[in-house]
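K.L.:
Got a structure for you, questions after.
The values are calculated or read from the model by the stated rules, or taken from the named source; none is laboratory data. The model shown is predicted, which means the values in this text are computed figures rather than measured ones. Neighbour counts run over all protein chains shown; Cβ positions are idealised from the backbone, glycine included.
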Amino acid sequence: MELELKLEAFEGPLDLLLHLIEKNKVDIYDIPVALITKQYMDYLEAMERADMEIMSEFIVMASTLLNIKSKMLLPKEVNEEGEEIDPREELVRQLLEYKIYRYMSYELKDMRTDALKSMFRDVPLPGNIAQATPEIDYSKIIGDNTLNTLKDALQELLKRQEDKIDPVRSKFGRIEKEEVSIENKMDYIRNFSSFRKKFTFKELMSGFNTKVELVVTFLCMLEFIKTGEFVVHQSSDGEIDIVVKEAA
């Protein structure tokens, strides 16, 4: 009666080595190289593979094991710190990395299997939400303007502010932190527009002397435009007009 030897399929030499280590229940940090090498060579002899490229990977690992085995028979080498060099160290590192990747692949496979069991269906929106319209129509508020036109207007004002600065005297004196209150600028804009139905962007910004005031006021103005309190138009001469929206 013939004895049939059933060989497991391994993805590579590291996969085979891990199998032998787990089968013999040995410590991966203290691999019995002689035992594992013998079992590894027995497996190679029993392999029947036509693919020489795959076989070459197993043969390279076999030569590595034999090399490690021969080094372990020689006197121990030491490094610059005087510590003994373990010839198995690099192989252990490769095995640990491969073991991590293999377990990660198992996790991903389980996640994929669980995902295939999930079913989704389209959930229609409730009627009151599906029929709701935005409270603010930004296209009506901004009109033919864009943030780019508003940005260009701000850049022009900042450039004018820079032109007012004396390049020599501006370097004199102390540098102090300038604090601008957003709440104060919001109140300023409300007061400025309280007795006007229409004004230009430049008129609003003309009373400021610093860049910080210009930028903060510009941001506050954007907030008013967003909430619909003002409507912005650009005239034929390129001026940006701000129209106060009358309360309903």
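K.L.:
Has the range 188-199 got any residue that is closer than 15 Å to Q234 by Cβ, at pLDDT 75 or above and assigned by TED's automatic domain parsing to the domain that holds L222?
P.N.:
First pass over the range 188-199, keeping only residues closer than 15 Å to Q234 by Cβ: 198-199.
Narrowing the set further to residues that are at pLDDT 75 or above leaves 198-199.
Cutting the leftovers down to assigned by TED's automatic domain parsing to the domain that holds L222 gives us 198-199.
Within the range 188-199 (the criterion being closer than 15 Å to Q234 by Cβ, at pLDDT 75 or above and assigned by TED's automatic domain parsing to the domain that holds L222), the answer is yes, since at least one residue qualifies.
K.L.:
Kindly check whether there is at least one residue in the range 65-86 that is touching a residue at least 24 places away in the same chain (Cβ under 8 Å) and of a type in the set (S, T, Y).
P.N.:
So far as the range 65-86 goes, no, none of its residues is touching a residue at least 24 places away in the same chain (Cβ under 8 Å) and of a type in the set (S, T, Y).
K.L.:
Hey, does the range 44-51 have a residue that's under 17 Å from I21 (Cα atoms), among the aliphatic types (A, V, I, L, M) and surrounded by 11 or more Cβ atoms within 10 Å (Cβ to Cβ)?
P.N.:
The answer is yes, given that some residue of the range 44-51 is under 17 Å from I21 (Cα atoms), among the aliphatic types (A, V, I, L, M) and surrounded by 11 or more Cβ atoms within 10 Å (Cβ to Cβ).
K.L.:
While we're on this one: Considering only helices (runs of 4 or more DSSP H) fully contained in the range 10-81, which possess at least 3 residues that are out of contact with any helix residue (DSSP H, G or I) (no Cβ under 8 Å at 6 or more places or on another chain) and modelled with pLDDT under 80?
P.N.:
52-73
K.L.:
Would you call V92 modelled with pLDDT under 85 and either in contact with an Asp or Glu (Cβ under 7 Å, 6 or more places away or on another chain) or surrounded by 10 or more Cβ atoms within 10 Å (Cβ to Cβ) (or both)? Quick ask: steps written out before the conclusion?
P.N.:
Numbers: modelled with pLDDT under 85: no; either in contact with an Asp or Glu (Cβ under 7 Å, 6 or more places away or on another chain) or surrounded by 10 or more Cβ atoms within 10 Å (Cβ to Cβ) (or both): yes.
No: the conditions fail for V92.
K.L.:
Now for a separate question. Go through the range 135-172 and give me each residue that's more than 22 Å from I242 (Cβ to Cβ) and modelled with pLDDT of 60 or more. It would help to see each step written out before you state the result.
P.N.:
Filtering the range 135-172 down to residues more than 22 Å from I242 (Cβ to Cβ) leaves 162-172.
The answer is E162, D163.
K.L.:
Count, please, the residues in the range 182-210 that happen to be among the polar types (S, T, N, Q) and within 10 Å of V244 (Cβ to Cβ).
P.N.:
The total comes to 2.
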